[in-house]
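Let me begin by presenting the structure, written as structure tokens, before commenting on it.
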Amino acid sequence: MKKGLLIAAFLISAAAHAQIGIRAGIGSSNFSNGDVQRAFTSLIRPHLGVYYGMEATEKLTVEPGLFFSGKGISTLSSFTNNEFEEVLSYLDIPVLARYAVNKDFNVFAGPQVGFLLARTYTEGSIKITDTAPVGGYEIGGVFGVGYQLTDELHLQASYDFGVKSFKYFQADVNNTVLKFSVGYTLPSNLAKEKTEK
């Protein structure tokens, strides 16, 4: 009973300090796994989404999010010797633990699951949207660093990586993305109260 009350009190306290924000940016994506990665060229793709930061302690924030994430690769076809692009679109759901090293600088890490929304393979005039050769989801992780420009505005660099390989035709691969983002946290009621005081 006491444990239940403590958990409820923690959740209420976290919700009271929670902050909602939006984040967007670009990422350099590729496939990993040894020789496979060296065969492909990175592709620049956008990402955009929302996050919900819950203050666990003065230094630690738990931050689930929901993001549209562009991924993919480009390379030469081994069959036609023509250049092609493999453009993938995912719904990514990260759950990050963000630690404030000081007022401006923070580090973060956490697991992430991604669901494939769409695929566009383009080679010259050929365009294929069948998702079957790619697989429907991936399990991975995220780590990175962030910098607060103001109370609401921040920059961050992160690295997304898959830990459960999926089949890309005959190859076992993981998505990897080096991301650069800008985020804006909507002022919370608590922040507004502090400002008013």
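The values are calculated or read from the model by the stated rules, or taken from the named source; none is laboratory data. Predicted model only: the values in this text are computed from it and were never measured. Cβ: placed from backbone, ideal geometry, glycine included. Neighbour counts: every protein chain shown.
If the condition is being at pLDDT 85 or above and out of contact with any Pro (no Cβ under 9 Å at 6 or more places or on another chain), then the range 70-83 contributes 71, 72, 73, 74. Could you go through the range 126-144 and let me know if any residue there is closer than 13 Å to residue 86 by Cβ and touching a helix residue (DSSP H, G or I) at 6+ places or on another chain (Cβ under 6 Å). No, the range 126-144 contains no residue that is closer than 13 Å to residue 86 by Cβ and touching a helix residue (DSSP H, G or I) at 6+ places or on another chain (Cβ under 6 Å). Within the range 132-166, the set of residues being polar (S, T, N, Q), more than 14 Å from residue 69 (Cβ to Cβ) and surrounded by 14 or more Cβ atoms within 10 Å (Cβ to Cβ) comprises 148, 156, 165.
Would you confirm whether any residue within the range 37-57 is farther than 14 Å from residue 142 by Cβ, modelled with pLDDT under 95 and part of a helix (DSSP H, G or I)? Yes: one or more hits.
Quickly run through the range 162-177 and pick out the residues that are of a type outside the set (Val, Ile, Thr) and under 16 Å from residue 115 (Cβ atoms).
Correct list: 162, 164, 166, 174, 175.
Kindly check whether there is at least one residue in the range 108-117 that is surrounded by 15 or more Cβ atoms within 10 Å (Cβ to Cβ), aromatic (Phe, Trp, Tyr), touching a residue at least 12 places away in the same chain (Cβ under 8 Å) and under 30 Å from residue 58 (Cα atoms). There is at least one residue in the range 108-117 that is surrounded by 15 or more Cβ atoms within 10 Å (Cβ to Cβ), aromatic (Phe, Trp, Tyr), touching a residue at least 12 places away in the same chain (Cβ under 8 Å) and under 30 Å from residue 58 (Cα atoms). Candidates in the range 117-132 are the residues that are among the hydroxyl-bearing types (Ser, Thr, Tyr) and assigned to a loop (DSSP other than H, G, I, E, B); of these, the one that is farthest from residue 94 (Cα to Cα) is 125.
All of 140, 114, 135 fail the test of being touching a Phe, Trp or Tyr at 6+ places or on another chain (Cβ under 8 Å), over 18 Å from residue 40 (Cα atoms), not in a strand (DSSP E or B) and not polar (S, T, N, Q), apart from 135.
Can we say residue 151 is assigned to a strand (DSSP E or B) and charged (D, E, K, R)? Walk me through how you get there before you give the answer.
Values: assigned to a strand (DSSP E or B): no; charged (D, E, K, R): yes.
In short, no.
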